[in-house]
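Okay, so here's the structure we're looking at.
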Amino acid sequence: MRARSDGGFWRPSHGRPPGAQRVRQSSIGPMTDSGAEAARFLTRNAVDALPEGELERQLGQGRALRVKLGVDPTTPDIHLGHAVVLRKLREFQDLGHQVVLIIGDYTARVGDPSGRSSVRPFVDPAEIDRHAGTYEAQAFKVLDRSKTEVRRNGEWLDMPMEELFRLARTSTVAQLLERDDFAQRYAAREPISILELLYPLMQGYDSVAVRSDVELGATDQKFNVLLAREIQKAYGVEPQSILTMPILPGIDGVLKMSKSLGNYVGVDDPPEEVYGKLMRIPDEVISVYASLLLDSPLDPALPPRDAKRALAYELTARLHGEAAAEAAQARFDTVHVRRELPDQIDEFPFSENGDGAVHLPALLAEAFGISRSEGRRMLAQAGVKLDGEPLDDSNLDLPAERLDGAVIQVGRRRFKRLRRL
């Protein structure tokens, strides 16, 4: 089942696993007269709200604010780390404000240098355009489409050279080198491209173009969003306030959630993948996930295992619906608690070599959509089972007779029943 266009699957689920608390609804109504009350609500789990008191002043004006977020579609998927900021945008929407989602089709060609220790590789513009479409669709699993203005910054960053000169005059190299990542690379004599130095200026110009009142970002965006205020002033635009959100740790509990690190939960992952990945997070980060991704804390009396189940159920339900969450939980219990096979396993037809054998890395690649090298690695790490028995890389070719009718398992949650052609 797909998410509704109003981000409905990100709203609190009505069904709850045993022990999960009822999610508290906000008492703040749309366009509340109390700027202080709204500001307290919106900043309760934020890291920075700058300048101090500015958001409260803006909220007290009684008008719909333009709240900006820019995302660069360098990869095709949004994960729960992105959802932390998207959820905060949704809270602004629920209070009656307008979200401006900027798809950085031009800034993605440069690549955000935040947190980078080297120059980013070039990304094909055609690939960026493909990713932009999936980003937008996945963002609406959280955001209310009717209160979202979607823009691409190629609309204004494809500018004449004279306009680029004007933008470049708003900042100095000394200002840009104050960024921690630039300063560290400069001190280490690592290369910093001119394009990378332009990136914060381009992001700042986005705020000029859409006349944003508020800009959101993760903590690693603090320099960029503050610089945008100065660029707005240079263009005679009322400067925005900023709100930064914590960076969600990945399912390893250590590094930031990232697809490139493999420690992510994608908002478009299948329900059983969402549930299963969340059940792998360390106990120490359960409360972090709950505070950033749920509307109220989990029951503190729950033991870690049950708290993790409640978290996994709730987030799976928000992304895929109640029925999918219940099925994902039942599948997890079948495979990992009772150590049984799932009731439904897709069949995969295979053919043998001329000598009646089957090359396992090739079979894994075709059956599970992975590379042959990945298949060999998983065999070497005992990550593949045949009818419950671990396989290894001591023999990469097995007789077709042994495979016919058997269930092959990759990792913890992926199964195929093999059928000989």
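The values are calculated or read from the model by the stated rules, or taken from the named source; none is laboratory data. These numbers come from a predicted model, not from an experiment. Heads up, the Cβs are rebuilt from the backbone with ideal geometry, glycines too, and the neighbour counts pull from every protein chain shown.
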> If Leu195 passes every condition in (1) within 22 Å of Thr75 (Cα to Cα); (2) under 20 Å from the mean Cα position of the chain (by Cα) but one, which one does it miss?
Replying inline: (2)
>> I'd like the full set of residues that are within 31 Å of the chain's Cα centre (by Cα) and surrounded by fewer than 16 Cβ atoms within 10 Å (Cβ to Cβ), limited to segment 373-394.
In response: Ser373, Arg377, Ala380, Gln381, Ala382
>> Of the conditions (1) under 26 Å from Leu95 (Cα atoms); (2) in a loop (DSSP other than H, G, I, E, B); (3) aliphatic (A, V, I, L, M), Ile192 satisfies every one except a single condition; which number is it?
In response: (1)
>> Among the listed residues Pro297, Pro271, identify the single one that is over 29 Å from His131 (Cα atoms) and not aliphatic (A, V, I, L, M).
In response: Pro297
> Going through segment 149-164 one residue at a time, which ones are of a type outside the set (A, V, I, L, M, F, W, C) and surrounded by 15 or more Cβ atoms within 10 Å (Cβ to Cβ)?
Replying inline: Arg151, Arg152, Asn153, Gly154
>> Suppose the filter is of a type in the set (S, T, N, Q), touching a helix residue (DSSP H, G or I) at 6+ places or on another chain (Cβ under 7 Å) and more than 24 Å from Phe140 (Cα to Cα); does Gln329 pass it?
In response: yes
>> Among the residues of segment 199-207, are any under 24 Å from Ile103 (Cα atoms) and either among the small types (Gly, Ala, Ser) or surrounded by fewer than 18 Cβ atoms within 10 Å (Cβ to Cβ) (or both)?
In response: yes
> So is Met202 touching a Leu at 6+ places or on another chain (Cβ under 8 Å) and not assigned by TED's automatic domain parsing to the domain that holds Pro73 or not?
Replying inline: no
> Mind checking which residues of segment 203-254 are acidic (Asp, Glu), at pLDDT below 95 and more than 14 Å from Gly70 (Cα to Cα)?
Replying inline: Asp252
> What are the residues in segment 37-63 that are in a loop (DSSP other than H, G, I, E, B) and under 28 Å from Leu319 (Cα atoms), if any?
Replying inline: Arg44, Asn45, Ala46, Val47
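Of these, Phe332, Phe368, which one is within 28 Å of the chain's Cα centre (by Cα), of a type in the set (A, V, I, L, M, F, W, C) and outside the structural domain of Phe415 (by TED's automatic domain parsing)?
Criteria check complete, one pass: Phe332.
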> Between a first residue in segment 158-170 that is in the same structural domain as Val110 (by TED's automatic domain parsing) and within 14 Å of Tyr106 (Cα to Cα) and a second residue that is part of a loop (DSSP other than H, G, I, E, B) and of a type in the set (Ser, Thr, Tyr), which pairs have beta carbons less than 9 Å apart while being 6 or more apart in sequence or on different chains?
Replying inline: Asp158/Tyr106
>> Looking only at residues that are without any contact (Cβ under 8 Å) to a residue 12 or more places away in the chain and assigned to a helix (DSSP H, G or I) in segment 363-400, which one is nearest to Arg419 (Cα to Cα)?
In response: Ala365
> Residue check: is Tyr289 outside the structural domain of Leu89 (by TED's automatic domain parsing) and part of a loop (DSSP other than H, G, I, E, B)?
Replying inline: no
> If you take the residues in segment 342-362 that are without any contact (Cβ under 8 Å) to a residue 60 or more places away in the chain and in a strand (DSSP E or B), which one is farthest from Arg412 (Cα to Cα)?
Replying inline: Ala357
> Given the residues Ala367, Ala400, which is the only one that is under 30 Å from Gln329 (Cβ atoms) and out of contact with any Cys (no Cβ under 9 Å at 6 or more places or on another chain)?
Replying inline: Ala367
> Within segment 112-122, is there a residue that is touching a helix residue (DSSP H, G or I) at 6+ places or on another chain (Cβ under 8 Å) and modelled with pLDDT of 95 or more?
Replying inline: no
>> Give me the residue from segment 247-300 that is acidic (Asp, Glu) and under 16 Å from Gly411 (Cβ atoms) and, out of that set, surrounded by the fewest Cβ atoms within 10 Å (Cβ to Cβ).
In response: Asp252
> Which residue pairs have Cβ atoms closer than 6 Å, lie 6 or more positions apart in sequence or on different chains, and pair a first residue in segment 250-271 that is closer than 11 Å to Leu80 by Cβ and touching a residue at least 40 places away in the same chain (Cβ under 8 Å) with a second residue that is basic (Lys, Arg) and assigned to a loop (DSSP other than H, G, I, E, B)?
Replying inline: Val267/Lys141
>> Every residue in segment 409-421 that is in a strand (DSSP E or B) and in contact with a helix residue (DSSP H, G or I) (Cβ under 7 Å, 6 or more places away or on another chain), please.
In response: Val410, Arg414, Lys416, Leu418, Arg420
